[in-house]
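Inspection log for the structure reproduced underneath, given as structure tokens.
We did not get these values from a lab; they are worked out from the coordinates using the rules stated. Keep in mind it's a predicted model, so treat the numbers as computed, not measured. Here the Cβ positions follow ideal geometry from the backbone for every residue, glycine too, while neighbour counts run over all protein chains shown.
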Amino acid sequence: MTFISATKQAFQRLPIVQRLATAAQGDRENRVIAAGPAVIPDEPILSDIPSEWPSPSLSDPKLLYLDLLKKSLTFMTYAPNFLDLASANGIRLVCPDGPELHARVEGHDFPFVADTMVGLKRLENLQFCVESVLAQRVPGDLIECGVWRGGASIFLRGLLKAFGVTDRRIWVADSFQGLPAPNPQIYPADEKLNWQPLEYLAVSLEQVQLNFQRYGLLDKQVRFLKGWFCDTLPTVSGRQWALIRLDGDLYQSTMEGLTNLYPSLSPRGYIVIDDYYGIPACRQAVDDYRKAQGISEELVRIDWTGVFWQRRPPD
Ligand SMILES: C[S@@+](CC[C@H](N)C(=O)[O-])C[C@H]1O[C@@H](n2cnc3c(N)ncnc32)[C@H](O)[C@@H]1O
């Protein structure tokens, strides 16, 4: 691609995420994504893969494994072939707000086949948090509330595996039947968020377990909490957490995660909020909780929607 040859040296100096996003922009000029009738690319499929597709110059096999795991969970390794195949069959795979590769980096789409909606940047944030709690010996398990197909939780299990951690568990909390109906009497912010009818968001426990198994990551260190957060999270509220990841979209779901879990987040542990900027109701729940509890740790932005903070140790 002309883009690559013209800017090769500058491109190689960019961090991985930026290289992907930049490559996706270059890709925009060369790729046709079918929005209706099939468009069959006139060049071989593989020519669409940027010749500078990021491959980490990592000598550590752990990091190479994690890099591949991230790309696999986000479906980034397969996207060009698959999308061409799909477009040749008249199927449209991504929302219209960006090229598919860029959307996967940012987690800005509703993927048909990826194991997570969370993009590469938010998986990299999880890696940062886990590496940090391991390095700082922050005690506790890791939990994700709102897992959909399980991809982000699978990545958490992969991180523990890669770093040889056998004394921490991954807790995987979901209804496994989609979001609850909004309850505007108690949570007015959720009034217009009726996503219950969306079958797309309802992924069964069996399917999520199968997804863990496909990566060889289903074992006794993974615990599933099936049911509505209001019923399941109180049963684990006394446990100690090193990382809490909240991805339940609604005010109610976010608030239930915060009230049940945050009090037992270890000092120097991390809390990640997936939808802070993307869903105003989620943001309001976080702001309300932080205000009520006097939490003043700085919110750190991950990408267009996600934020996280590290709990400050007591003085
Ligand atoms: C946006 S998806 C999560 C995406 C996921 N973290 C990923 O990696 O792709 C939201 C999930 O939260 C779950 N959920 C939302 N509110 C819930 C609640 N109150 N109780 C149980 N599950 C809930 C839904 O079933 C759905 O699987």
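Details
- Inter-probe distance in nm under a simple model that places probes 7 Å from Cα toward Cβ, at residue 77 and residue 237: 4.2
- Sites residue 292 and residue 63 - FRET efficiency at Förster radius 51 Å, r taken between beta-carbons, to 0.05: 0.80
- Karplus (6.51, -1.76, 1.60) ³J(HN,Hα), θ = phi - 60°, over region 189-204, in Hz, Gly and Pro reported as x: 5, 8, 3, 9, 9, 8, 9, 4, x, 6, 4, 3, 8, 9, 10, 6
- Net charge, residue 296 excluded, C-beta distance under 9 Å - Lys, Arg +1, Asp, Glu -1: 0
- Cα-based convex hull, region 120-310, per residue volume (Å³, whole number): 111
- Take the Cβ atoms of residue 219 and residue 112, set R0 to 22 Å, and the FRET efficiency comes out at 0.20.
- For the cross-link pairs 161/192; 71/291; 62/226; 121/161; 62/220; 71/220, the ones whose C-alpha atoms lie over 29 Å apart are 161/192; 71/291; 62/226.
- Using the Cβ-Cβ distance between residue 200 and residue 166 with R0 = 35 Å, the FRET efficiency computed as 1/(1 + (r/R0)^6) comes to roughly 0.50.
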